[in-house]
Amino acid sequence: MSTARLTERARRLMERPDAWLDETSSGYPLRLGGDRRGRVVLTLDEAAFRAMVQTPGLRRRHGGGWQARRGNSEPPSPPAGRLGQIIGERTLMQPDGRATTVTANLGESPIAWLARRKDHSGRPWLTPEEVAAGERLRQDAEVALAGPSLTMRWDGLPRSQSGAAPARIEPTDRAISASSRVEAALNAAGPRLRAMLEHVCVRGSSLQLAEQELSLRRRQGKTVLKQGLQALALHYGLTR
């Protein structure tokens, strides 16, 4: 089915009050029903999702996902993106030095979004030290714009670039230093935790998407991420 036909069908379905868009690693399932047990009628790709953001417009749904925006009193819909993120295009540095354009987080970091979440007792889910550690790793990762890590064990990072032609970007001293700090922090977390930290802090993936890509049970990722942030806080000297 073409993107235009898929989008038109999705718009008709989203007029139903029980229709909403979920998000998975393979696309945006349109579900009918109150939760993720609801029937998946069709699945949108990124292009169709972006078209839905424009018309009819989407609003955040309590419990995750998006519903159609209705009426004039609701706030403007967010740009196409995943939970806690604004999705757009950035250039990603590959380990061999090539720069390729990919979909990436252009907005609020996942750690900043998670910092506002509460546990069942109403307390912040992350401590200030854990938040600071995650943001420090993210900031170091974003400084490493001009090249891969020294050991090429973690993914390339976003860099703005004009034009569509492939480019090779030589690392600067500042980027190399930042890469070294990122690698040291990930090593300090240990092999069991570093994959989650790479997904959330380095790549900017949502927690839900990281769980899916790492084949973790739902909500298991929260435990793994918190343990990773605790290890980071210890590495950075924020906790003892």
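Enter the Cα centre distance for the pair the stretch 1-77 and the stretch 166-236, rounded to the nearest angstrom.
Measuring centre to centre over Cα atoms gives 30 Å.
Please list, ordered by chain and number, the residues whose modelled amide H lies under 5 Å from the amide H of Ser205; skip anything fewer than 5 residues away on the same chain.
Result for Ser205 returns Val200.
For the pair Glu142 and Arg61, how long in nm is the line joining their label points, each one 7 Å along Cα→Cβ?
Computed distance between label sites Glu142 and Arg61 equals 3.0 nm.
No lab work stands behind these numbers, since they all come straight from the coordinates. Remember, it's a predicted structure, so these values are computed and weren't measured experimentally. Cβ: placed from backbone, ideal geometry, glycine included. Neighbour counts: every protein chain shown.
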